[in-house]
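Written below as structure tokens is the structure these notes are about.
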Amino acid sequence: MVDFKNLSVTEKDGILHITISRVEKMNALNHKTLEELKVAIQKAYDEDSIKGVILTGAGEKAFVAGADIKEISEVPEVNARKFSEYGQEIFDAFEKCPKPVIAAVNGFALGGGCELAMACHIRIASDSAKFGLPEVTLGILPGYGGTQRLPQLVGKGKAFELIMTGDMISAQDALAIGLVNHVTDKDQLIPKCLEILKKISTKAPIAIAQVVECINAAYSKEEDGYQTEANSFGICCKSEDFHEGTSAFLDKRKPEFKGK
């Protein structure tokens, strides 16, 4: 078992709970935390017992209040590109995870925190959560995929406005523009995530993994989304889960998927 310093990582009832735990730093993302996030999300890829992931922040104030500014300020120009690419690589691992990943946004999700939430498949926010990409106030721009994922979620015009102004918005405004899926009371945040994951867990795991492939392909310049969909459809039709699902439908019973 990995000895995590900046994360709490537990598995319960098939759900991997990843909690960023740097409360004194508002859960800011430093290099060590990014390294641990890479290890933590890999567990969802590697372990069949894990059916879904919930990512949240420790404490009452922040999901992730951004990247570690002191660390960023010390990055030399020659290393800045690698600094950005490293964060992108880790956030891509969340986005491409074959198991559903939900961000439970319990407070401030700013800068790298907002980018991390956007890399998750689904975002649930507490009614006190705040979102923003304020990097331009520091003389930089979002470097962990924010300039790419925000337009996908809220549209080009709104993305320009939010990134160029650096404005922070409420959970309710985030819901209105499509940045989050649901807003709940804080005490209902994790239960709402578990409710969604429980529903997804009744569906065919292979089909769910292929859904991730297809939706991500829709935003990829390297892939033809329609061809990816056709390929994925073929993969599903070769699975035992497909035969179980169709048989169960015809027999008027609930399917018992095995992910095969």
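No lab work stands behind these numbers, since they all come straight from the coordinates. Quantities reported herein were computed from a predicted structural model and do not represent experimental measurements. As a convention, Cβ positions derive from the backbone with ideal geometry for all residues, glycine included, and neighbour counts pool all protein chains shown.
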* Counting pairs of alpha carbon atoms under 8 Å apart in space and at least six apart in sequence, what relative contact order in percent does the chain give? -> 14 percent
* With N denoting the number of residues in the chain, provide Rg(C-alpha) divided by 2.2 N^0.38 Å, to two decimal places. => 1.03
* Quick one: helix 77-95 against the long Cα principal axis of the chain, what's the angle to the nearest 10°, folded into 0 to 90? -> 30 degrees
* Structure fact -> Here the averaged projected area of region 195-234, based on the convex hull of its alpha-carbon atoms and given in nm², is 3.0 nm²
* Structure fact -> Residue-ordered couplings for region 5-18, obtained by feeding phi - 60° into the Karplus form 6.51 cos²θ - 1.76 cosθ + 1.60 and rounding to whole Hz (Gly and Pro as x), are 9, 10, 10, 10, 10, 9, 10, 9, 6, x, 10, 8, 9, 10
* Kirkwood Rh, angstrom, region 26-109 [1 / mean 1/r, Cα pairs] -> 13.9 Å
* To do: Arrange the peptides 95-104, 38-47, 203-212 so that the one whose residues have, on average, the most other Cβ atoms within 10 Å appears first.
  => 95-104, 203-212, 38-47
* Asked: Pulled fully out, how much extra length does the chain show between residue 127 and residue 164, if you take 0.36 nm times their separation in residues and subtract their Cα-Cα distance?
  -> 10.8 nm
* Cut-off 12 Å between beta-carbons: net charge of the residues surrounding residue 198, Lys and Arg +1, Asp and Glu -1 -> +2
* **Beta bridges per DSSP with both ends in the chain, % antiparallel, nearest 5** => 30 percent
* To do: Determine the distance separating the Cα centre of region 52-99 from the Cα centre of region 1-19; give it in Å without decimals.
  => 17 Å
* Structure fact -> On each of the three principal axes the extent of the alpha-carbon atoms of region 138-206, given in whole Å and largest first, is 45, 32, 21
* Two-site label geometry, residue 253 and residue 238: point separation in nm, points 7 Å out along Cα→Cβ -> 2.8 nm
* May I ask for the Kirkwood hydrodynamic radius of region 1-40, worked out over all distinct Cα pairs and given in angstroms to one decimal? => 10.5 Å
* Structure fact -> For residue 15, other-chain or 5+-apart residues with amide H closer than 5 Å (H placed, Pro excluded) are 51
* **Net length gained if the chain between residue 221 and residue 82 were fully extended (0.36 nm per residue, minus Cα distance)** => 47.9 nm
* **Extension reserve of the residue 141-residue 38 stretch, reckoned as 0.36 nm per residue once the Cα distance is removed** => 34.8 nm
* Asked: Across region 109-120, in residue order, what do the Karplus-derived ³J(HN,Hα) couplings come to in whole Hz, using 6.51 cos²θ - 1.76 cosθ + 1.60 with θ = phi - 60° and x for Gly and Pro?
  -> 10, 10, x, x, x, 5, 5, 5, 4, 5, 6, 6
* Asked: Which log10 I(q)/I(0) values, to two decimals, does region 152-260 give at q = 0.10 Å⁻¹ under the Debye formula with one point per Cα?
  -> -0.48
* Asked: Given region 1-56, what count of lysine pairs have C-alpha atoms under 17 Å apart, with each pair 8 or more places apart or on different chains?
  -> 7
* Return the Cα extents of region 71-127 along principal axes one, two and three, sorted largest first, each rounded to a whole Å. => 38, 28, 10
* Structure fact -> Given all pairs of distinct Cα atoms, region 84-177 yields a Kirkwood Rh in Å of 13.2 Å
* **Cα long-axis angle, helix 225-237 against the chain (0 to 90 degrees, to the nearest 10)** => 40 degrees
